[in-house]
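Below: one structure, written as structure tokens.
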Amino acid sequence: MQQTDITRPRTLGADLRALRKARGLTLNAMAERLNRSVGWLSQVERDMSDPSITDLRHMAALLDVPVSMLFGQPSGPVDEAGHVVRQGARRRIGGEAGLIEELLSPDLTDDFEMVHCTFEPHSRIGEVVTRPTQEVGYLISGKLDLIIAERRFTLHPGDSFRVRAEPFEWINPYDTPAVAIWVIAPPVY
């Protein structure tokens, strides 16, 4: 388990490091792909240097996250940092059409992330997803269809599910939004 100073507020550097590691990239490999020095990237990850907007765009593309995720987000009181995420201070992540994802975890430095997902009516993921993760979820409201390893399941409020590095897709063919809590290990956003 990773050791993290949970009294320290979330920083851009900590999130970049967590995303880089989650994608199996070394500091050298990421620096090379960004055409930057290892020293510079190390300083960015330790919050000793600030990347430019262009650098952030390149990092977001390399890490496959929306660039907006790397910008500052609303936060709660300083004494809650690392412990509490207030409803109005959630960071939007992802970017799939028909899906609104908000990070419930204080940051991306833990061994997992927890996400609040709202699946819009009559929406579906654009492609089958397979990622090297273990994922569990709990449907709060609405109905949602999941196809896991070519088996289709219809989830109702109170149902839960698990995906273990298997191909999956989601579909909300219904007239109401579906809301779920989704936990992913290791973090992918």
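Quick rundown of the values:
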read-out: Degrees, to the nearest 10: 12-22 long Cα axis against longest axis of the chain; value: 60
read-out: Residues with amide H under 5 Å from that of Ile93, placed H, sequence gap 5 or more; value: Glu101, Glu102, Leu103
read-out: Carbon/sulfur fraction of accessible area - the chain, other protein chains in place, 1.4 Å, %; value: 51
read-out: Estimated vicinal HN-Hα couplings, Hz - the range 135-143 in sequence order (Karplus 6.51, -1.76, 1.60; Gly, Pro = x); value: 10, 9, x, 9, 7, 8, 8, x, 10
read-out: Rounded to 10°, Cα long-axis angle of helix 53-63 versus longest principal axis of the chain; value: 50
read-out: Charge dipole (debye, nearest 20) of the chain; +1 at Cβ of Lys and Arg, -1 at Cβ of Asp and Glu; value: 240
read-out: Phi-based couplings in Hz for the range 173-189 (Karplus 6.51, -1.76, 1.60; Gly and Pro marked x); value: x, 8, 8, 10, x, 10, 10, 9, 9, 10, 10, 10, 9, x, x, 10, 8
read-out: Taking the chain and dividing mean pair separation by its residue count, relative contact order in percent (alpha carbons under 8 Å, at least six apart); value: 21
read-out: Per-residue [θ]222 nm for the chain (sum of -39500 (n - 2.57) over DSSP H runs n ≥ 4, rounded to 500); value: -6000 deg cm²/dmol
read-out: For Ser141, distant residues with modelled amide H under 5 Å away; value: Val179
read-out: Amide H within-cut-off set for Thr133, under 5 Å, with H built and near neighbours excluded; value: Ala165
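The values are calculated or read from the model by the stated rules, or taken from the named source; none is laboratory data. Given the structure is predicted, the values throughout are model-derived calculations rather than measurements. All Cβ positions, even for glycine, are placed from backbone atoms using ideal geometry, and neighbour counts span all protein chains on display. These area figures cover heavy atoms from the full protein model, side chains too; ligands, DNA and RNA do not enter into them. Shrake-Rupley method; radii C 1.70, N 1.55, O 1.52, S 1.80 Å.
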